[in-house]
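Take a look at the structure set out below.
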Amino acid sequence: MHPRALITGLAGQDGSYLAELLLDKGYEVHGIVRRTSIEDTEHKLKNLHAILDKIHMHVASLDNVLSLVRIIRNISPDECYHLAASSFVSYSFEDEISILGNNVNSTHYLLAALREFAPSCKFYFSGSSEMFGNAINSPQDENTPFNPRSIYGISKVAGFQLVKNYRQQYGFFACSGILYNHESQRRGYEFVTRKIVSSAVRIKFGLQEAVELGNLEARRDWGYAPDYVNAMWLMMHADSPDDYVIASGETHSVKEFAEAAFAHLDLDFNKYAKINLDLFRPTENIVLRGNPSKAMSMLKWKPTKSFDDIIKEMVEGEIKLYEPGRKTSDLLTPGDSK
Ligand code: GDP
């Protein structure tokens, strides 16, 4: 019998890498996708094109507990990976209310449905370095108090506490990864890394003249997405469930990232950079840097790619999108996200 996994957020960067990893390990892979994704597979499921015929997709909305119950009863998963979350940082009241509600409720609904209908299913929850927010020390580890300063961060802290509660109260095999930024060629264009890489390649090909960015001195702890997905699987196969910080342990500035990306294309970033003050964030907190020692010692996890190797792979992946015969759906013009 193949182990059965259920993934939320299947179509995203992490979901698609996780589905590939689990297929390689012989799993039967099920995922929850939105109706709008099924109606536009070319764009919305582009990360899954290579494996579409190998995975089972279920259309549901995570804010509908009944549809989740139905899926869980039908497939009776052995492992559930909850990656989906609204992460869009917005300052509108409406978004604030729905981001908090959706993120917390979806985690709660899944846990409650599993407890009722698949109590031996293991559960993984993707937390975020945003939970440390305005961190009180650096680097952060599993003992660092949370101090979120965004609605997204608050929703992740609430999800994390729900997972912990199900583990402690009901003996669930439930664990959380506190994941720092992790990048790849499947990263969305709204993130600065993909924006830089796609702009650099477009500049190289004469399709764009400059790249507009916000704070170049902002620093992040950037890792390689497939490594982070591997950490999720390792957590689910540890002797006992626990929570782990997954990070590279080093930080780099946006400028360092951009200089390296442009250098891979023999371009000088400083010649093409334009600073747009509108792209600055209102509050940039103390630098978030994770300490992944616990995952390294307990899970034998370790990153496989250096900062420069990640950038190189992203640049090479972006260039491939322009090869003749590639679907234009792979290419979106980067917007000015911040
Ligand atoms: P996240 O904020 O950690 O989720 O990741 P992002 O990739 O969106 O942003 C990383 C950092 O890049 C932040 O500190 C931003 O302020 C900074 N940054 C500078 N210019 C830009 C830009 O044009 N777009 C985005 N998204 N971030 C930018």
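If I fit a long axis through the Cα atoms of helix 65-75 and take the longest principal axis of the Cα atoms of the chain, what angle between them do I get, 0 to 90°, rounded to 10?
Compared with the principal axis, the helix lies near 80 degrees.
Translational diffusion coefficient, Stokes-Einstein: compute it for region 41-130 using the Kirkwood radius over C-alpha pairs as Rh, at 4 °C and 1.567 mPa s, and state it as an integer in µm² s⁻¹.
In µm²/s, the coefficient rounds to 88.
Can you check what the Kirkwood hydrodynamic radius comes to for the chain, Cα pairs only, in Å to one decimal?
20.6
Rank I97, F125, A135 by how far each Cα sits towards the positive end of the charge dipole of region 33-186 (+1 on Lys, Arg Cβ; -1 on Asp, Glu Cβ) and give me just the farthest.
F125
Once the Cβ-Cβ distance between I275 and R149 is put in as r, and R0 is 35 Å, what FRET efficiency do you end up with, to the nearest 0.05?
Efficiency, from the Cβ-Cβ distance: 0.90.
Size of the dipole of the chain about the Cα centre, Lys and Arg at +1 and Asp and Glu at -1 on the beta carbon, nothing else charged, in debye to 20?
Magnitude of the dipole: close to 480 debye.
In region 167-218, what GluC sites (Glu not before Pro) fall in a loop by DSSP, with at most 12 other Cβ atoms inside 10 Å?
E209, E217
Scan region 20-100 for chymotrypsin sites (Phe, Trp or Tyr not before Pro) in coil per DSSP, keeping those whose Cβ has at most 16 other Cβ atoms within 10 Å, and list them by number.
Listed in order of number, the matching sites are F88, Y91.
Give the Cα extents of region 189-300 along the principal axes, in whole Å, largest first.
53, 31, 19
In degrees, nearest 10, range 0 to 90: what is the angle between the Cα axis of helix 151-170 and the longest Cα principal axis of the chain?
The angle comes out near 30 degrees.
If eta is 0.692 mPa s and T is 37 °C, what Stokes-Einstein diffusion coefficient results for region 84-229, Kirkwood Rh from Cα pairs, in µm²/s?
Taking Rh from Cα pairs, D becomes 190 µm²/s.
Looking only at F146, F280, F257, which one moves most when the chain is put into a Gaussian network model with springs between Cα atoms under 10 Å?
Highest fluctuation of the listed residues: F280.
Using 0.36 nm per residue, how much length does the chain from H56 to S293 gain when fully extended, once their Cα-Cα distance is taken away?
81.8 nm is the gain from fully extending H56 to S293.
Past the 26 Å Cα-Cα mark, which pairs from K46/K300; K54/K300; K46/K204; K255/K320; K54/K320; K46/K255?
K46/K300; K54/K300; K46/K255
At 0.36 nm per residue, and after removing the present C-alpha to C-alpha distance, how many nm does the segment from I286 to E209 gain when stretched out fully?
24.4 nm
Helix 307-320 against the longest principal axis of the chain: what's the angle in degrees, Cα atoms only, rounded to the nearest 10?
80
Counting other Cβ atoms within 10 Å of each Cβ, which trypsin sites (Lys or Arg not before Pro) in region 259-303 have at most 12 and sit in a DSSP loop?
Of the trypsin sites (Lys or Arg not before Pro), the ones in loops of region 259-303 whose Cβ has at most 12 other Cβ atoms within 10 Å are K300.
Tell me, in nm to one decimal, what length is gained between D308 and R326 on full extension, where the rule is 0.36 nm per residue of separation less the Cα-Cα distance?
Here the segment from D308 to R326 would lengthen by 3.9 nm.
Assuming R0 = 35 Å, what is the FRET efficiency of Q168 and E42, from their Cβ-Cβ distance, to the nearest 0.05?
Using R0 = 35 Å, I get an efficiency of 0.20.
Values in this text are rule-based calculations from the coordinates and carry no lab data. Because the structure is a prediction, the values reported are computed rather than measured. Cβ atoms come from the backbone with ideal geometry, glycine included; neighbour counts cover every protein chain shown.
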